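Participant: Attaching a single structure in structure tokens format; questions to follow.
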Amino acid sequence: MASELTRLSACEAVERLRAGEVSPLEMIDAALARIDAVDGQVNALPTLCADRARDHARRIMANGPPGDGAEPWLGGLPIAVKDLVDVAGVRSTKGSPIYADHVPERSDVLVETLEARGAIVIAKSNTPEFGAGANTFNEVFGKTRNPWNRTKSPGGSSGGSAVALATGQVWLATGSDFGGSLRNPASFCSVVGLRSSPGRVARGPRTHPFGGFSIEGPMARNVADLALMFDAQIGHHPVDPISIPAPAAPFSAALEAPVMPQRVAFSRDLGVVPVATEVGDICAAAAKRFEDLGADVVEACPDLHDAVDIFRVLRAAQFVANYAPLLENHRDKLKPEMVWNIEEGLKLTADEISRAERARAVLYGRVAAFFGDYDLLLCPATIVPPFDIECRYVTEVEGHTFETYVDWMAICFAITLTACPAISVPCGFTGDGLPVGLQMVGRPRGEAALLGAAYLFEQTAGIAHMTPIDPV
């Protein structure tokens, strides 16, 4: 019974929960059995909260859906929450020795929203320290391993969530994305991750609540499950000053009659970063699937030539806003990449920051004009397949050496600068059997059309059914 339940899609599981065919307690038991069976091999969910989950399940079973039933309702489905986000009464470390023993009294509003809509937090998923870096390891819990090959990285920083999904430990999970932290691990683990428009998912309280670079978002095994999760996350909350109300129609409705994009652009590298040849070839072949669906696919991309320089400056400035007090008080407990990024921010002048902000505004204008001609932009979600887990980050690709620990993620963070929604969807495997994800970028605030296009692609790709897997 437990094995059958863990193989259900999230949509199927929620349907059974709503119908009373299975109870939240049974789903919790199934998840815990699967975690016990596989997580020792991959280290995706280092912190469990089974008693808290069961207490919540009993409340759901006693009270049912709140209000008039108009809100999205997950029916008591267990989920994992990334360890950057506080869950009341549960050890919440942010992957840092500084917070190794931190147990918050209140949950982040992201968690409060999900729990009010029938999600049950069963575990915290592993993350690099403060989410910095696209390889999931930290000094508190150690390395998370890629289930497709445990000698490889699962990506990051939402690597624990991606691995938990790929191995069937949970049906849905939260992630966050600054420079690719939803999209990169989704690609590396053959699951789906959505970086939505800033403000879609309320979060907080936060140190830097007006910043739009880092967003919270959903992860799932397929696009329909992801849309289900997204609908349960979105909406305005007064704690988050940039949050916006949910649209009148749920995003999952976009999958019922998805609109086929007519003009699709594909780029191997967005003109900003080299891409491993095999990854580029797999993504190019995937892009051609839209031709089979009737779209006009051409090689094109917006002008993003200055994205790397802009992002370096604005990322460093945001690191100062978020973490400068930690550098001052806990320097010896921060990993080297954190120290470097904060110190880079402290060196910045007002002129450098203002120039980067103006350049970003011009860049956005070019992107907005581009989407006047195209419905969808496609490119790789990562520039390499999953790499050796002992490497902290990618240092070289196709003969090009990267200057910093973040530069190899330019194919994602260039899109972050645009504030456009972007999703990573599984699109193939390398000759060594390692996953590759296709990054799809939609028009500003265009999540509905983007999810519809991703759903259409997923039906032709025929990969979504391949998870969950046992670690290899």
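The values are calculated or read from the model by the stated rules, or taken from the named source; none is laboratory data. Quick caveat, the model's predicted, so the values are computed rather than measured. Using ideal geometry, Cβ is built from the backbone for each residue, glycine included, and neighbour counts are taken over all protein chains shown.
Participant: Look at region 91-130 and say how many of its residues are more than 25 Å from G142 (Cβ to Cβ), surrounded by 18 or more Cβ atoms within 10 Å (Cβ to Cβ) and in contact (Cβ under 8 Å) with a residue 40 or more places away in the chain.
Facilitator: The qualifying residues number 9.
Participant: A further question on this structure: State all residues of region 296-334 that are surrounded by fewer than 20 Cβ atoms within 10 Å (Cβ to Cβ) and not in a helix (DSSP H, G or I); if no residue qualifies, say none.
Facilitator: D296, V298, E299, A300, D303, H305, D306, listed by residue number.
Participant: Within region 375-388, does at least one residue satisfy the condition of being touching a Pro at 6+ places or on another chain (Cβ under 8 Å), in contact (Cβ under 8 Å) with a residue 12 or more places away in the chain, among the small types (G, A, S) and in a loop (DSSP other than H, G, I, E, B)?
Facilitator: No, region 375-388 contains no residue that is touching a Pro at 6+ places or on another chain (Cβ under 8 Å), in contact (Cβ under 8 Å) with a residue 12 or more places away in the chain, among the small types (G, A, S) and in a loop (DSSP other than H, G, I, E, B).
Participant: Then there is this: Could you grab me the full set of residues in region 6-31 that are more than 20 Å from M219 (Cβ to Cβ) and either basic (K, R) or touching a residue at least 12 places away in the same chain (Cβ under 8 Å) (or both)?
Facilitator: R16, R18, V22, S23, P24, L25, E26, D29
Participant: Residues D231, D177, D225: which one is surrounded by 23 or more Cβ atoms within 10 Å (Cβ to Cβ), of a type in the set (D, E, K, R) and out of contact with any Gly (no Cβ under 9 Å at 6 or more places or on another chain)?
Facilitator: None of the other options fit; the residue is D225.
Participant: What residue, among those in region 12-68 that are modelled with pLDDT under 95 and not charged (D, E, K, R), is farthest from I469 (Cα to Cα)?
Facilitator: Per the stated criteria, the residue is G67.
Participant: Among the residues of region 198-219, is there at least one that is more than 22 Å from E112 (Cβ to Cβ), charged (D, E, K, R) and in contact with a Leu (Cβ under 9 Å, 6 or more places away or on another chain)?
Facilitator: No: region 198-219 contains no residue that is more than 22 Å from E112 (Cβ to Cβ), charged (D, E, K, R) and in contact with a Leu (Cβ under 9 Å, 6 or more places away or on another chain).
Participant: Still on this model: When you scan region 71-85, how many residues do you find that are surrounded by 23 or more Cβ atoms within 10 Å (Cβ to Cβ) and farther than 23 Å from A30 by Cβ?
Facilitator: 2
Participant: Residues I342, I383: which one is of a type in the set (A, V, I, L, M) and under 20 Å from I98 (Cβ atoms)?
Facilitator: Result: I342 is the single residue among I342, I383 that is of a type in the set (A, V, I, L, M) and under 20 Å from I98 (Cβ atoms).
Participant: In region 424-436, how many are closer than 17 Å to V163 by Cα and either of a type in the set (D, E, K, R) or surrounded by 24 or more Cβ atoms within 10 Å (Cβ to Cβ) (or both)?
Facilitator: Matching residues across region 424-436 total 5.
Participant: Something else: Test V279 against the criterion of being crowded, with 17+ Cβ neighbours inside 10 Å, in contact with a strand residue (DSSP E or B) (Cβ under 7 Å, 6 or more places away or on another chain) and not basic (K, R), and give yes or no.
Facilitator: Against the criterion (crowded, with 17+ Cβ neighbours inside 10 Å, in contact with a strand residue (DSSP E or B) (Cβ under 7 Å, 6 or more places away or on another chain) and not basic (K, R)), V279 qualifies.
Participant: Right, next: Is at least one residue of region 344-365 touching a Pro at 6+ places or on another chain (Cβ under 7 Å) and part of a helix (DSSP H, G or I)?
Facilitator: Within region 344-365, not a single residue is touching a Pro at 6+ places or on another chain (Cβ under 7 Å) and part of a helix (DSSP H, G or I).
Participant: Another one. Taking A295 as the residue in question, decide whether it is under 30 Å from L8 (Cβ atoms) and touching a strand residue (DSSP E or B) at 6+ places or on another chain (Cβ under 6 Å).
Facilitator: The answer is no for A295.
Participant: I've got another one for you. Name the one entry in T277, T207, T174 that is at pLDDT below 95 and among the hydroxyl-bearing types (S, T, Y).
Facilitator: So the residue among T277, T207, T174 that is at pLDDT below 95 and among the hydroxyl-bearing types (S, T, Y) is T207.
Participant: May I pose another question? Out of A369, A286, report the one residue that is touching a Gly at 6+ places or on another chain (Cβ under 7 Å), among the hydrophobic types (A, V, I, L, M, F, W, C), part of a helix (DSSP H, G or I) and under 30 Å from P261 (Cβ atoms).
Facilitator: Just a single option satisfies the conditions, and that option is A286.
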